[in-house]
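The values are calculated or read from the model by the stated rules, or taken from the named source; none is laboratory data. Since we're looking at a predicted model, the values are computed, not measured. Cβ placement follows ideal geometry from the backbone for every residue including glycine, while neighbour counts extend to all protein chains displayed.
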Amino acid sequence: MVLSKHLNTDSLLKEAQDHPNNHKRVVYSSTDHQATLPYGARYGVQPIPKYKLPSKGTDAEATYQLLHDELSLDGTPLLNLASFVHTWMPKQADQLMMENIGKNLIDQDEYPMTQVIHTRCVSILADLWHAPSREHAIGTATTGSSEAIQLGGLAMKRIWQEKRKAEGKSIHEPGPNIVMGANAQVALEKFARYFDVEARLVPISEESHYRLDPKKAMEYVDENTIGVYVILGSTYTGHYEPVKEMAELLDEYEARTGHSVPIHVDGASGGFIAPFATPKLEWDFRIPRVVSINTSGHKFGLSYVGVGWVVWRSKKFLPKDLIFELHYLGSVEYSFSLNFSRPAHPIIAQYFNFVHLGWEGYRAVALADLKNARLLSRVLEKSGLFVVLSDIHRPAESMLGSAKQAVGLGFDEENVESYVPGLPVVSFRFSDEYRQKNPDVQQRWVQTLLRARGWIVPNYELAPALQDVEILRVVVRENLSAVMIDRLVADIMEIVLDLAEKDSATRALSKISSIKTVEAHYGRLEEGSGSKYNGTYAKQC
Ligand SMILES: Cc1ncc(COP(=O)(O)O)c(C=O)c1O
């Protein structure tokens, strides 16, 4: 029987209770917004209000069990192929994090060793990204790439303002702008909106490989451009944006106009893939126009969620005005991040990886991820059911437009340098043939049906200009081994072939909409209360 949308499960449960008047020992009561406590009878625990602070506390063991059970309704991080965020570390890292879980990174005086580890991490990244001098580079840990991107953008904005003021020009009329591809992750657009900078979004196309087209980007650059955000690699398809080409065009522009426009590289994912998988690729501080780079330690930096980094090639690109000198925690400290307090353990976890894996360890993981991503791409394409939009499984020449598309004699399949550089991401859609044969099958059903088998694989539209193209996307992280890919492919194929059968059970199941909890509306915004969606990437990352 189909349940009407108007049925309220809260009131149904209230009516179905044994004795609403005698709730002294009643444990299951969702109606008064009480948490259901499965072991209440055993522990003798009273119902707990869900949306206000309980007047009395609950025994730690019972509380643990309650939350442990509720949280088991979440998806399995291991099967979350939608996310770039790393979900596993060796148990020694877990132990180290637990030992340091109470430390605050900002308390530099109290936790000097933690601070030393922070500095070492910044220095390691500056070196990895070829900063001209490790001594003069400067950087900080952040909560993730989002905070790091805000800081990179703020520094560029302040430098532009200082220059304008020195020239006696207005910083308000017209105001500053920043240029980025329309495939930009929401963090980049947030910077523009939160810090009053006009976001100039460069349309993407199939020809631009769904990412920033440097030539087109130049049409958006002027004397009020504080910088260009270049993404390594795109959240949608994993493509690296051409940093070098962008820099060369900006060099020409500077020679012509005298306006120097810096580049901030958003290396949220690529900052930890490119240096290891394709070290010869120039995208970092080897390019003088790249003034700052961010990355997420919690993506391919292989740490748990909660750590990102921003590094400036030299102190001169971080205006003093953004650095706060603090005197009240026992000594003089400097702060140039958006947060004051910050947990120290994610930074310790990052350093654990640096020591434990070293350059070779990171390279081995990156190469394995890319190899598995190539495997998945090829299987999907060979099935004839899908077209793959990401390019990391294609010969490197194909991006240069050469006719040498086919894998020919002398092609080294094992060598990562043979392929188009990019993130271990596989973006795919139904093939034209499948769509023609099954015009009524919707690609988004695959997402729902895979979820029923435990896999989390998102289906979403591309950025403006290509918003009619829907893609499914798998991020190949360390835990997605060839064995898991085998299972995943079998599930995808079975679902897609079953959907082609008009009266299959799978077709009926596709009607299940995405999973939402009944409580989703508490403390959240109503649908439609946000600003108008302008089509850029605002999906799960
Ligand atoms: C290109 C890009 N930039 C920024 C972000 C935001 O990173 P974080 O989640 O670490 O804040 C993401 C997340 O996926 C991303 O893919």
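Some notes on this structure:
- Taking residues in the range 134-152 that are free of Cβ contacts under 8 Å to residues at least 12 places away in the same chain and of a type in the set (Ser, Thr, Tyr), and partners anywhere that are near the ligand (Cβ under 10 Å from one of its atoms) and outside any loop (DSSP other than H, G, I, E, B), not one pair has Cβ atoms closer than 7 Å while being at least 6 places apart or on different chains.
- Between Ser341, Ser337, Ser292, the distinction of being at pLDDT below 95, of a type outside the set (Val, Ile, Thr) and either within 16 Å of the ligand (Cβ to nearest atom) or part of a strand (DSSP E or B) (or both) belongs to Ser337 only.
- Residue count for the range 57-66, restricted to those that are part of a helix (DSSP H, G or I) and farther than 18 Å from Ala41 by Cβ: 1
- Lone unmet requirement of (1) more than 16 Å from the ligand (Cβ to nearest atom); (2) among the acidic types (Asp, Glu); (3) within 28 Å of Glu223 (Cβ to Cβ) for Glu189: (1)
- Exactly one residue among Asp59, Asp69 is acidic (Asp, Glu), under 35 Å from the mean Cα position of the chain (by Cα), surrounded by fewer than 16 Cβ atoms within 10 Å (Cβ to Cβ) and not assigned by the TED database to the domain that holds His298, and that residue is Asp69.
- Among the residues making up the range 146-175, a single one is in contact with an Asp or Glu (Cβ under 7 Å, 6 or more places away or on another chain) and surrounded by 21 or more Cβ atoms within 10 Å (Cβ to Cβ): Ile149.
- Any chance Tyr240 is closer than 29 Å to Leu472 by Cβ, in contact with a His (Cβ under 6 Å, 6 or more places away or on another chain) and aromatic (Phe, Trp, Tyr): no
- Residues that are over 15 Å from the mean Cα position of the chain (by Cα) and either more than 9 Å from the ligand (Cβ to nearest atom) or polar (S, T, N, Q) (or both) are absent from the range 296-307.
- One residue stands out among those in the range 205-246 that are within 15 Å of the ligand (Cβ to nearest atom) and polar (S, T, N, Q): the one that is surrounded by the most Cβ atoms within 10 Å (Cβ to Cβ), which is Ser234.
- Subset of the range 69-113 [touching a Leu at 6+ places or on another chain (Cβ under 8 Å) and among the acidic types (Asp, Glu)]: Asp107, Asp109, Glu110
- Of all the residues in the range 363-391, those that are among the hydroxyl-bearing types (Ser, Thr, Tyr) and crowded, with 22+ Cβ neighbours inside 10 Å number 2.
- Only one of the numbered conditions (1) within 21 Å of Arg211 (Cα to Cα); (2) at pLDDT 95 or above; (3) out of contact with any Pro (no Cβ under 6 Å at 6 or more places or on another chain) is not met by Met246, and that is (3).
- Top-ranked residue of the range 81-97 - restricted to ones that are assigned to a loop (DSSP other than H, G, I, E, B) and away from the ligand (no atom under 16 Å from the Cβ), ranked as farthest from the chain's Cα centre (by Cα): Pro90
- Only one entry in Val426, Val496, Val457 is under 18 Å from Pro77 (Cα atoms) and surrounded by 14 or more Cβ atoms within 10 Å (Cβ to Cβ), namely Val457.
- Test: residue in the range 266-279 that is assigned to a strand (DSSP E or B) and in the same structural domain as Lys157 (by the TED database): yes
- Qualifying residue in the range 98-106 (condition: assigned to a helix (DSSP H, G or I) and modelled with pLDDT of 95 or more): yes
- Against the numbered list (1) touching a His at 6+ places or on another chain (Cβ under 9 Å); (2) more than 30 Å from Gln150 (Cβ to Cβ), Ser390 comes up short only at (2).
- Being surrounded by fewer than 16 Cβ atoms within 10 Å (Cβ to Cβ) and either of a type in the set (Ser, Thr, Tyr) or not in a strand (DSSP E or B) (or both) is a property that holds for Leu78.
- Those helices (runs of 4 or more DSSP H) lying entirely in the range 426-530 with at least 1 residues modelled with pLDDT of 95 or more: 432-437, 444-452, 482-499
- The single condition among (1) of a type in the set (A, V, I, L, M, F, W, C); (2) away from the ligand (no atom under 15 Å from the Cβ); (3) touching a residue at least 40 places away in the same chain (Cβ under 8 Å) that Ala166 does not meet is (3).
- Boolean, Val122 is touching a strand residue (DSSP E or B) at 6+ places or on another chain (Cβ under 8 Å), within 16 Å of the ligand (Cβ to nearest atom) and of a type outside the set (Asp, Glu): no
- Residues (at pLDDT 90 or above and small (Gly, Ala, Ser)) located in the range 63-80: Ser72
- Residue check, Thr119 part of a loop (DSSP other than H, G, I, E, B) and surrounded by fewer than 20 Cβ atoms within 10 Å (Cβ to Cβ): no
- Thr87 being among the hydroxyl-bearing types (Ser, Thr, Tyr) and within 30 Å of Arg451 (Cβ to Cβ): yes
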